[in-house]
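Here is the structure we will look at, set down as structure tokens.
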Amino acid sequence: MPHWYYDGNGTWFGGLFMLISMILLWGGLITIVIIVLRRYAHPPQPRNEALRILDERFARGEIDLDEYEQRRATLKP
């Protein structure tokens with residue numbers, strides 16, 4: 001006849017194994033959720049490389065304000 005209940009005559013290894021298994025299961029699930037949220041939470045904004053270069057050239061003093069404004073107006077959509 002099968003045992004319908006646990007009578008406590010076993011060792012404590014079963015309970016320890018179950019505890020470790022649950023910690024690993026929940027830890028793994030939480031880690032996966034955190035990785036997915038970090039990766040897809042904020043998609044990178046497309047950056048206009050030409051405007052960035054123009055801003056850098058203006059900041060370094062390679063072009064003056066009039067040329068900067070003219071080229072920026074040309075590059076803006």
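The values are calculated or read from the model by the stated rules, or taken from the named source; none is laboratory data. Small disclaimer: the values here were computed from a predicted structure and weren't measured. Positions of Cβ are backbone-derived with ideal geometry, glycine not excepted, and every protein chain shown enters the neighbour counts.
Conditions (1) at pLDDT below 95; (2) charged (D, E, K, R); (3) surrounded by 10 or more Cβ atoms within 10 Å (Cβ to Cβ), marked per residue:
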{"site": "Leu25", "(1), (2), (3)": "no, no, yes"}
{"site": "Leu29", "(1), (2), (3)": "no, no, yes"}
{"site": "Ile35", "(1), (2), (3)": "yes, no, yes"}
{"site": "Tyr40", "(1), (2), (3)": "yes, no, no"}
{"site": "Pro44", "(1), (2), (3)": "yes, no, no"}
{"site": "Arg47", "(1), (2), (3)": "yes, yes, no"}
{"site": "Leu51", "(1), (2), (3)": "yes, no, yes"}
{"site": "Arg57", "(1), (2), (3)": "no, yes, yes"}
Pro2 meets each of (1) assigned to a loop (DSSP other than H, G, I, E, B); (2) modelled with pLDDT of 90 or more with one exception, condition (2)
